[in-house]
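S.K.: To start, I am sharing the structure in question, which I have written as structure tokens.
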Amino acid sequence: MPRDTQIAPNCYDAEPIPVAAKAEIDRLLATGDLFRYTSENAPVSLLEAEFAALMGQRFAVAVSSCSQALFLSLKALNLPRGANVLVPAFTFAAVPSAILHADCTPVLVEVKDDYRIDIEDLHHKIDDQTGAILISHMRGHTSDMDAILAVAHERNIPVVEDAAHSLGTLWNGKKIGTLGTIGCFSFQSYKMLNAGEGGILITNDADLAARTIIMSGAYEHNWRKHPGLEGSVLEWQNKLPLYNCRMQNLSAAVIRPQLSQLDRRVENGRRNHDYVANQLNSSDYITVPAPLPAELRAPDSLQFNLKGEWTDSQVQKLQAECKANGVNICVFGLSQDNARAFWNWQFLPKQPDLPRTRAMLMRACDTRLPARLTQPDLDFISQAILEAVQTIKGEQLHLA
Ligand SMILES: *Cc1c(COP(=O)(O)O)cnc(C)c1O
């Protein structure tokens, strides 16, 4: 039966920015007060205070992107040049890039077909050269933080959480991004809070906060506009390079009125995800991996694996069939130049061999599922995917 793709939900448009942002943006435009360090209580400083309070951490430092937050975090850890940083092999290309930028060496760790780091391979790869563990909670899938923190603690290795896409996720009731030494978040448009671009890092460690603040570009005595530093910052004054990746006031003015929307977005995102996941799991050919028992997720997209025997050409046909049905799904390893397929990171000094992660990426499907979707949208998406699977698998039966 041909589908009415006219009613296909748009999964790419963002939610409108709350109108409350408007007055503040008008004020900033009228005064031209866009630099975060000109005024007292500038929007960027207020965002930092609000975000730190929301996450229950002492310090928050707003910057130009999550990738820059990751870079500054690694720099602030003062690792020896070339130190190994363990990172899951399923992540976004900007993450190993941030490790290289910080003069460290990314060591990719296998990821299982539930999209989470393979703890056994992590144990296998951790050694005396390991300076830090950087955990990308990719697409909001939380890796086993208990196991990771245990081995990190045992060896006294800091953990940086790339929680870019995990704002609102809980682990044993604790907020993701607060479990490691530093947590980093993104305000890029596809994340829970949308400023187009932007990032923020959080920590309870005053010394690390001081170092990231100075390096982010708080030159001279601008650090005074960050509360709670005092002694820790004086030690670092004029001793660190400035990487100038500050956030500007307009970004903060766009983000701040979205903070109160977060709970709703998280709740609706999870409801949408679990509804579609449940429908897809009814197929013999699809598995949506379950969350880990300690995890309460905050998804705004859905990933699923193709179960049983699928050839590459069948998977490609499935992508085309879903598209014809009005829903875009992307198989990470089969779409050209995908930035989440590690073999496309040709800038790495050494190309790693990671058969498990590669196998996962060749069969893992990705579809966006924003929080604002309605029940009919969700049904449309599930049906589009299930019918496409049927068409492909039906063809195969027919041919056999
Ligand atoms: C989006 C994302 C990033 C990059 O964030 P930017 O703010 O665009 O630099 C890094 N890691 C993960 C897991 C992401 O989802």
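The values are calculated or read from the model by the stated rules, or taken from the named source; none is laboratory data. These numbers come from a predicted model, not from an experiment. All Cβ positions, even for glycine, are placed from backbone atoms using ideal geometry, and neighbour counts span all protein chains on display.
S.K.: Would you please list the contacts, defined by Cβ atoms under 6 Å and residues six or more apart or on different chains, that run from a residue in the range 165-187 that is touching a residue at least 60 places away in the same chain (Cβ under 8 Å) and part of a strand (DSSP E or B) to a residue that is buried (at least 23 other Cβ atoms within 10 Å of the Cβ) and of a type in the set (Asp, Glu)?
M.R.: What qualifies is GLY183/GLU161; CYS184/ASP162.
S.K.: On to the next question. Any residue that is modelled with pLDDT of 95 or more and in a strand (DSSP E or B) - is there at least one of those in the range 37-54?
M.R.: Within the range 37-54, not a single residue is modelled with pLDDT of 95 or more and in a strand (DSSP E or B).
S.K.: Another question about this same structure. Within the range 92-129, can you find the residues that are closer than 19 Å to LYS75 by Cβ and either over 15 Å from the mean Cα position of the chain (by Cα) or aromatic (Phe, Trp, Tyr) (or both)?
M.R.: ILE99, LEU100, HIS101, ALA102, ASP103, CYS104, THR105, PRO106, VAL107, GLN129
S.K.: Further, regarding this structure: Please find, among LEU262, LEU208, LEU292, the residue that is more than 30 Å from ASN78 (Cα to Cα), modelled with pLDDT of 95 or more and either of a type in the set (Gly, Ala, Ser) or in a helix (DSSP H, G or I) (or both).
M.R.: On inspection, the qualifying residue turns out to be LEU262.
S.K.: Follow-up question, since we're still on this one. Going by what's in this entry, would ILE133 be described as within 16 Å of the ligand (Cβ to nearest atom) and either at pLDDT below 95 or farther than 28 Å from MET215 by Cα (or both)?
M.R.: Criteria not met by ILE133.
S.K.: Let me ask you something else. So if I check each of SER335, SER313, which one is closer than 29 Å to GLU15 by Cβ and surrounded by fewer than 20 Cβ atoms within 10 Å (Cβ to Cβ)?
M.R.: Of the residues listed, the single one that is closer than 29 Å to GLU15 by Cβ and surrounded by fewer than 20 Cβ atoms within 10 Å (Cβ to Cβ) is SER335.
S.K.: Being aliphatic (A, V, I, L, M), away from the ligand (no atom under 15 Å from the Cβ) and part of a strand (DSSP E or B) is the filter here; which residues of the range 61-106 pass it?
M.R.: LEU86
S.K.: Only one of these is on the phi < 0 side of the Ramachandran plot, buried (at least 18 other Cβ atoms within 10 Å of the Cβ) and away from the ligand (no atom under 14 Å from the Cβ): GLU48, GLU15, GLU40. Name it.
M.R.: Sole residue among the options that is on the phi < 0 side of the Ramachandran plot, buried (at least 18 other Cβ atoms within 10 Å of the Cβ) and away from the ligand (no atom under 14 Å from the Cβ): GLU48.
S.K.: Tell me the residue from PHE347, PHE342 that is in contact with a helix residue (DSSP H, G or I) (Cβ under 9 Å, 6 or more places away or on another chain), surrounded by 15 or more Cβ atoms within 10 Å (Cβ to Cβ) and touching a residue at least 60 places away in the same chain (Cβ under 8 Å), please.
M.R.: When all the criteria are applied, what remains is PHE342.
S.K.: Would you point out which residue out of ALA324, ALA364 is surrounded by fewer than 18 Cβ atoms within 10 Å (Cβ to Cβ) and within 26 Å of ALA8 (Cβ to Cβ)?
M.R.: Selected residue: ALA324, the only one of ALA324, ALA364 that is surrounded by fewer than 18 Cβ atoms within 10 Å (Cβ to Cβ) and within 26 Å of ALA8 (Cβ to Cβ).
S.K.: Give the residue that is surrounded by the fewest Cβ atoms within 10 Å (Cβ to Cβ), with candidates limited to residues of the range 168-211 that are more than 19 Å from MET138 (Cβ to Cβ) and near the ligand (Cβ under 9 Å from one of its atoms).
M.R.: Within the range 168-211, the match that is surrounded by the fewest Cβ atoms within 10 Å (Cβ to Cβ) is GLU197.
S.K.: Of the residues in the range 122-164, how many are closer than 19 Å to LEU354 by Cα, of a type outside the set (Val, Ile, Thr) and in contact (Cβ under 8 Å) with a residue 24 or more places away in the chain?
M.R.: 9
S.K.: Follow-up. Restricting to the range 136-158, what's the tally of residues that are within 16 Å of the ligand (Cβ to nearest atom) and either over 10 Å from the mean Cα position of the chain (by Cα) or assigned to a loop (DSSP other than H, G, I, E, B) (or both)?
M.R.: Residues that pass the stated criteria total 6.
Yes or no, residue by residue, for (1) in contact (Cβ under 8 Å) with a residue 60 or more places away in the chain; (2) buried (at least 21 other Cβ atoms within 10 Å of the Cβ); (3) touching a Pro at 6+ places or on another chain (Cβ under 7 Å); (4) over 14 Å from ALA364 (Cα atoms):
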position: ASN238; (1), (2), (3), (4): no, no, no, yes
position: PRO241; (1), (2), (3), (4): no, no, no, yes
position: SER301; (1), (2), (3), (4): yes, no, no, no
position: LEU318; (1), (2), (3), (4): yes, yes, no, no
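S.K.: When ALA23 is evaluated against the numbered criteria (1) under 15 Å from LEU250 (Cβ atoms); (2) surrounded by 14 or more Cβ atoms within 10 Å (Cβ to Cβ); (3) not hydroxyl-bearing (Ser, Thr, Tyr), which criterion, by number, is the only one it fails?
M.R.: Of the numbered conditions (1) under 15 Å from LEU250 (Cβ atoms); (2) surrounded by 14 or more Cβ atoms within 10 Å (Cβ to Cβ); (3) not hydroxyl-bearing (Ser, Thr, Tyr), the odd one out for ALA23 is (2).
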